[in-house]
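See below for the structure under consideration.
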Amino acid sequence: EHVLDEIAGAYCAVWYDIKKNEVIILSDAVGYRFVYYTIKDNILYYSSLMKPLEKIIGSVKLNERYLADFIGQDNYNMFTECEETPIKDIYRTAPASYIKISKNRILKKIYWRPFENIKQIKYKTNEEYKQHFLNLFNKCVSDSLRSGGNTGVLLSGGYDSSAVAAVAAALLEKKGQKLYSFTSVPLSEFAKECSEQMKFYETDETEMVKKTVQCIRNI
């Protein structure tokens, strides 16, 4: 269990301790991967997909609490309860957590709490804050380039992806590699329908992406 403090990246796993007759189901720290599971007749069933578990539980019923949250939200957040699913009695692992299931109990534990021991950093100048941010930002991007193949980025016209692309392209160039960008572009016949409040909303960011690629080499 202590190795979870060291692993980085996208992963999930189910581990069975045959001596203790104990199962641990775990997800990565930020929830890129997770495991679906259900318990029926004292048997644990798990899967990377929900569909097989629907066959296990037989009579599929909708999770009305989950659906009420989903319909009632005014944003793109997919759910408010990270261990529930749209199907009643099918659950999933939460980010940065593991579930330990034994014969007599189910134990849930959060293994990563990034905001628990935060210490405020105070610098004397704005330049020092700027440098600290840049060092951290560069490290985050660099750590994400651990790949056996080529690296791609979902590039829009916004600041976020453009900033990541700028750093990643420079780091990859030092290795003799290129950064490959992908952009979602509406079909030419797409009719843009906007309300008065959304009249400045731009659905096609192609030109902004092209300008970014012109400014940053190696994309």
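Details
- Within the span defined as segment 95-108, one or more residues are open to solvent by 100 Å² or more (accessible area, probe 1.4 Å), in contact with a strand residue (DSSP E or B) (Cβ under 8 Å, 6 or more places away or on another chain) and within 25 Å of residue 18 (Cα to Cα).
- Cβ pairs under 6 Å, 6+ apart, first in segment 1-19 and in contact (Cβ under 8 Å) with a residue 60 or more places away in the chain and closer than 20 Å to residue 37 by Cβ, second surrounded by 12 or more Cβ atoms within 10 Å (Cβ to Cβ) and not charged (D, E, K, R): 4/111; 12/27; 12/34; 12/35
- Residues within segment 1-43 that are out of contact with any Leu (no Cβ under 7 Å at 6 or more places or on another chain), in a strand (DSSP E or B) and not hydrophobic (A, V, I, L, M, F, W, C), tallied: 5
- Selection of segment 30-59 for residues being hydroxyl-bearing (Ser, Thr, Tyr), open to solvent by less than 40 Å² (accessible area, probe 1.4 Å) and farther than 10 Å from residue 90 by Cα yields only 47.
- Criterion (open to solvent by less than 50 Å² (accessible area, probe 1.4 Å) and acidic (Asp, Glu)) met by exactly one of 64, 83: 83
- Test result for residue 134, hydrophobic (A, V, I, L, M, F, W, C), open to solvent by less than 100 Å² (accessible area, probe 1.4 Å) and touching a residue at least 60 places away in the same chain (Cβ under 8 Å): no
- Residue ID - farthest from residue 6 (Cα to Cα), chosen from residues in segment 138-151 that are under 19 Å from the mean Cα position of the chain (by Cα) and open to solvent by less than 50 Å² (accessible area, probe 1.4 Å): 151
- Residues in segment 9-42 that are under 14 Å from the mean Cα position of the chain (by Cα) and of a type in the set (Phe, Trp, Tyr): 11, 32, 34.
The values are calculated or read from the model by the stated rules, or taken from the named source; none is laboratory data. Everything quoted here is computed from the prediction, not taken from an experiment. No Cβ is skipped: glycine too gets one built from the backbone with ideal geometry, and neighbour counts run over all protein chains shown. Just the protein is used for accessible areas: all its heavy atoms, side chains included, with ligands, DNA and RNA removed. Shrake-Rupley method; radii C 1.70, N 1.55, O 1.52, S 1.80 Å.
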